[in-house]
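**Q** What follows is a single structure, and I will ask about it in a moment.
The values are calculated or read from the model by the stated rules, or taken from the named source; none is laboratory data. On a predicted model such as this, the values are computed, not experimentally measured, just so you know. Neighbour counts run over all protein chains shown; Cβ positions are idealised from the backbone, glycine included.
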Amino acid sequence: MPDLFQNGSQDNTRSVLVALLASGIVISAIWILKPFLPATIWAVTIAVTTWPMLRRLQTIVGNSRRAAVSLTILIAMLVFILPLWLAITTVSSHFGDIIALVSSSSTLHIPDEPPWMGRLPLIGPHIAPFWERMQHMQFPEMIRQIIPAPETLIHTFLAYAGSFSILALQFILTLVILGVLLMRAESAIAVADTLVTILAGNRGKEMLQLAAYTIRGVAFGVTVTAVVESTVAGIGLKLAGVPWVSILTAVTFMACLLQAGPGVTLIPAVIWVYFDRGLAPAALLLVVTIITIIIDNVLRPFLIRKQADIPLILIMLGVIGGLGGLGLVGIFIGPLILSVAYTLTKSWVSDSRQTPPSVSTPLDS
């Protein structure tokens, strides 16, 4: 009997030591590969998102995997990488112009009240005093007291993004890893299925598929919506005759990625156009602003919930937290992690409610 207890304690000690050794090896491997983790995570995200498209393209090009992978990487560059690269390089190279644009707001003044406004029924006589007070208000000073300096915000974002050389290296690594993953997609899926089956059985496969749907929904919802909104905003700014269209379009794209919405740049632009160019261009840009806000509130939830039902507040928190914790790649990874965690937790809670534990009764005994 004592020998049995002794053997059992030895087995437990051996198991603990093996687990600690395995954990140490895994942690060491992650630490060594830390410089490659952002590119790897981003490549995995894009690979999961574009996997269904790759399969369709492969059937179109005669079952040629290399041709399908090449087309998929090209599409991924156009949708996920190129817009972000153009936005960052545009803002960085025109940093002085942005400061000048912000500084020019100090010359903004409200003109005299239009004569037709005083003739409006009921509200006309009350507009004149309000309009006069508005003319004497110092909006730029008030805004600078409430909102941090724009140059500080841009410097902070670019610090998260890193230098151009590091950013270019990350993009290149992402494309290389993406190509390898797509070429060996079946093998990678088989390994993932094996791991989740070992950890959670058949339920693990369902969770893996659920995580893939969530990744696709968030990646398409955040990125495609930002691209569409910034494109529509750029066209509207160009038609309204706003200067620095490329800069404002790039800032709008970044604001949409950060879930701040297109109104951050377009609403001030409408006000500036009204006082500098007149009513007609301002009305045109206002219509474009409303369209972009509608796109932001319709297209993004549609694309996300087409794959998984995720609260939009999780995406906003994921973007902000991901940017602070993981850098530029965190804009995509933060929402994915929170969304996957939310979806899996919701699924586990739903399953536990559907299969309540059995309770024994006196009749059973």
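**Q** Count, please, the residues in segment 1-34 that happen to be exposed (fewer than 10 other Cβ atoms within 10 Å of the Cβ), of a type outside the set (A, V, I, L, M) and at pLDDT below 75.
**A** 3
**Q** Something else: Determine the pairs where a residue that is aromatic (Phe, Trp, Tyr), located within segment 339-360, has a partner that is at pLDDT below 75 with Cβ atoms under 7 Å apart, the partner being 6 or more residues away or on another chain.
**A** Listed pairs, sorted by first residue: Tyr342/Ile310.
**Q** Restricting the search to segment 51-86, which residues are among the hydroxyl-bearing types (Ser, Thr, Tyr) and either surrounded by 15 or more Cβ atoms within 10 Å (Cβ to Cβ) or closer than 15 Å to Ile172 by Cα (or both)?
**A** Within segment 51-86, Ser70, Thr72 qualify.
**Q** Something else about it: Quick one: Pro83 ticks every box in (1) within 24 Å of Leu258 (Cβ to Cβ); (2) more than 25 Å from the chain's Cα centre (by Cα); (3) modelled with pLDDT of 80 or more; (4) not hydrophobic (A, V, I, L, M, F, W, C) bar one, so which box is it?
**A** (2)
**Q** Same structure, new question: List pairs: first residue in segment 41-52 and in a helix (DSSP H, G or I), second residue buried (at least 19 other Cβ atoms within 10 Å of the Cβ) and among the charged types (D, E, K, R) anywhere in the structure, Cβ distance under 9 angstrom, at least six positions apart or on different chains.
**A** From segment 41-52, the pairs are Val48/Arg216; Thr49/Arg216; Thr50/Arg216; Trp51/Arg216; Pro52/Arg216.
**Q** Applying the selection to segment 262-286, what residues are buried (at least 18 other Cβ atoms within 10 Å of the Cβ) and in a loop (DSSP other than H, G, I, E, B)?
**A** Within segment 262-286, Pro262 is the sole residue that qualifies.
**Q** Kindly indicate the residue of segment 250-261 that is of a type in the set (A, V, I, L, M) and in contact (Cβ under 8 Å) with a residue 40 or more places away in the chain and also surrounded by the fewest Cβ atoms within 10 Å (Cβ to Cβ) among those meeting that condition.
**A** Leu258
**Q** Here are some residues: Ile99, Ile110, Ile73, Ile127. Which one is at pLDDT 70 or above and within 30 Å of Val242 (Cα to Cα)?
**A** None of the other options fit; the residue is Ile127.
**Q** Residues in segment 234-255 that are touching a Pro at 6+ places or on another chain (Cβ under 7 Å), within 30 Å of Ile333 (Cα to Cα) and either part of a loop (DSSP other than H, G, I, E, B) or at pLDDT below 85 (or both): how many?
**A** Residues that pass the stated criteria total 1.
**Q** Taking Gln307 as meeting all but one of (1) modelled with pLDDT of 80 or more; (2) buried (at least 18 other Cβ atoms within 10 Å of the Cβ); (3) more than 14 Å from the chain's Cα centre (by Cα); (4) not aliphatic (A, V, I, L, M), write down the number of the exception.
**A** Going through the list (1) modelled with pLDDT of 80 or more; (2) buried (at least 18 other Cβ atoms within 10 Å of the Cβ); (3) more than 14 Å from the chain's Cα centre (by Cα); (4) not aliphatic (A, V, I, L, M), Gln307 breaks only (1).
**Q** Thr231 - would you say it is modelled with pLDDT of 85 or more, buried (at least 19 other Cβ atoms within 10 Å of the Cβ) and either over 19 Å from Asp276 (Cβ atoms) or of a type in the set (Phe, Trp, Tyr) (or both)?
**A** no
**Q** Continuing with the same structure: Search segment 234-249 for residues being of a type outside the set (A, V, I, L, M) and buried (at least 21 other Cβ atoms within 10 Å of the Cβ), and hand back the single one that is nearest to Ile295 (Cα to Cα).
**A** Ranking the qualifying residues of segment 234-249, first place goes to Gly236.
**Q** Then there is this: When you go through (1) of a type in the set (A, V, I, L, M); (2) closer than 30 Å to Tyr274 by Cα; (3) modelled with pLDDT under 75 one by one for Leu299, which number turns out not to apply?
**A** Condition (3) is where Leu299 drops out.
**Q** Any chance segment 189-197 includes a residue that's at pLDDT below 80, surrounded by 15 or more Cβ atoms within 10 Å (Cβ to Cβ) and part of a helix (DSSP H, G or I)?
**A** yes
**Q** I've got another one for you. Could you say which residue among Val191, Val245 is more than 21 Å from Leu299 (Cβ to Cβ) and in contact with a Gly (Cβ under 7 Å, 6 or more places away or on another chain)?
**A** Just a single option satisfies the conditions, and that option is Val245.
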